[in-house]
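The values are calculated or read from the model by the stated rules, or taken from the named source; none is laboratory data. Since we're looking at a predicted model, the values are computed, not measured. Glycine gets a Cβ as well: all are built from the backbone with ideal geometry, and neighbour counts include every protein chain shown.
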Amino acid sequence: MRRHGSRSERGATSELEGAAAGELEADLGPGVAAACASAPGRITLVGEHVDYVGGRVACAAIDLTLAVAVRPSADRRWRVVSDGERVERDAPSMAGDIGDRVFAAASALARFGVLLLPLEIGVASGVPRAAGLSSSAALMTASLVAMLRLAGARLGADDLVAAALIGEREIVGVPCGDLDPLAIVHGRAGAVLLLDCSTGFRAMVPWPWPEVGLLVASSGEQHDVQGARYRARRGLAERACAALGVAGCQEIGERWGELPAELRAAGRHIASETRRTDAAVAVLESGDVERLGILMNESHESLRTDCGVSTSRLDEMTAAARRVPGCYGARLVGAGFGGSAMALVERRAAAGCAAAMAGISRPGAGTWLVEPSGGLAVTAPDVVTVGTEHDHDTTVRRGFGSV
């Protein structure tokens, strides 16, 4: 099990940025000094598969990071190198490879008036790929920040989120919700970020249990990175809202029972999951860790039965974690269809819980005891500006939801 927070987060980030710059040097040879940036991964505590229908989410940026190094291309070819793999092309176009999100970031910035000449980009990641921890969004946002540094430009935090969503949705073509870039940009160290995706409201609540942590274990099954099954689940949720004549899942309540059979399970998930987020806000404030574990278990069950995004391996991993004394609850994390499981566990029991889940995951899959981490609005103030009242929220406001 890999523990985070045992050394300076900034020191670990600088090391990773050095590795990204080293990728450029090793593969493409020496060149001008690169501009570097890092972005964190993301976990969802409660509130999965509701951000795209105006639900409420409790999430956090985490201290697993991805770094990029960007420099001008001497021969005007666009290149990306990562783990010894290289892609290159004449223009920042999409080709279904590791270059897509990096090149999409450059194209998205052009819409904000930041025009870039061809670039060479090195990538070094501490966020496991396709593990449900938002490695794709980390790559997109880290690329945006590094390119801003290279260009000597700045964006507001909300514009940075917008640029990431343009890159992901319109250029790469994945129909993602708002959750990932919002968490990666607006997360705070030691706090859970609360998002109301119907209004854009954000708030923070401090993590109340120093003796309790979040343990993530990869299943070794790569999740639905390009969004085919995700797209189908989103379609069902949107159809459920449309059938009930509501703008989003917060308005459904118990009306999911009115839906036709093919939409009923999807409607029940999005209605109940957003209410679980409201309940999670209450238990984070009250410090009732056992209740939060129950909410996580309920979330997983809803994702398994109603949303249909779990796998038998993830089900077995969460069940194994719950049997470990000191584990309060466990659920899949991310969009599902593979990826990772996450346990709410006493730190003294984390090693045993990690071993229990690792015994079910595929060989070589990792486990990480993660911490809520600062997002890019905190870690990249030289290029990411803040200014709205939401950007400065640091504590939860009563009445976030009907708790």
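Worth a mention:
- Scanning the stretch 158-216 for residues that are part of a loop (DSSP other than H, G, I, E, B), within 20 Å of ALA131 (Cα to Cα) and more than 15 Å from the chain's Cα centre (by Cα) yields one hit, GLY173.
- When each of VAL123, VAL172 is tested for being surrounded by 23 or more Cβ atoms within 10 Å (Cβ to Cβ), in contact with a Ser or Thr (Cβ under 9 Å, 6 or more places away or on another chain), in contact (Cβ under 8 Å) with a residue 12 or more places away in the chain and of a type in the set (Val, Ile, Thr), the lone residue that passes is VAL123.
- Any chance ALA335 is within 24 Å of ARG202 (Cα to Cα), part of a loop (DSSP other than H, G, I, E, B) and either touching a strand residue (DSSP E or B) at 6+ places or on another chain (Cβ under 7 Å) or in contact (Cβ under 8 Å) with a residue 24 or more places away in the chain (or both): yes
- Checking each residue in the stretch 66-117 for being surrounded by fewer than 16 Cβ atoms within 10 Å (Cβ to Cβ) and within 23 Å of the chain's Cα centre (by Cα) picks out ASP83, MET94, GLY96, ASP97.
- So VAL324, is it of a type in the set (Val, Ile, Thr), buried (at least 20 other Cβ atoms within 10 Å of the Cβ) and under 20 Å from the mean Cα position of the chain (by Cα): no
- In the stretch 244-255, of all residues being of a type in the set (A, V, I, L, M, F, W, C) and buried (at least 16 other Cβ atoms within 10 Å of the Cβ), the one that is nearest to THR199 (Cα to Cα) corresponds to CYS249.
- Within the stretch 228-239, residues that are free of Cβ contacts under 8 Å to residues at least 12 places away in the same chain have Cβ atoms under 9 Å from residues that are surrounded by fewer than 20 Cβ atoms within 10 Å (Cβ to Cβ) in these pairs: GLY235/PRO175, counting only partners at least 6 apart in sequence or on another chain.
- None of ASP278, ASP306 is under 21 Å from the mean Cα position of the chain (by Cα) and among the acidic types (Asp, Glu) except ASP278.
- Index of the failed condition, GLY220 passing every other in (1) in contact with a Cys (Cβ under 6 Å, 6 or more places away or on another chain); (2) assigned to a loop (DSSP other than H, G, I, E, B): (1)
- For the stretch 339-356, a residue qualifies if it is within 19 Å of THR311 (Cα to Cα) and in contact with a Leu (Cβ under 7 Å, 6 or more places away or on another chain), and the qualifying residues are GLY339, SER340, ALA341, MET342, ALA343, ALA354.
- Applying the set (1) at negative phi; (2) modelled with pLDDT under 95 to VAL87 leaves exactly one unmet item: (2).
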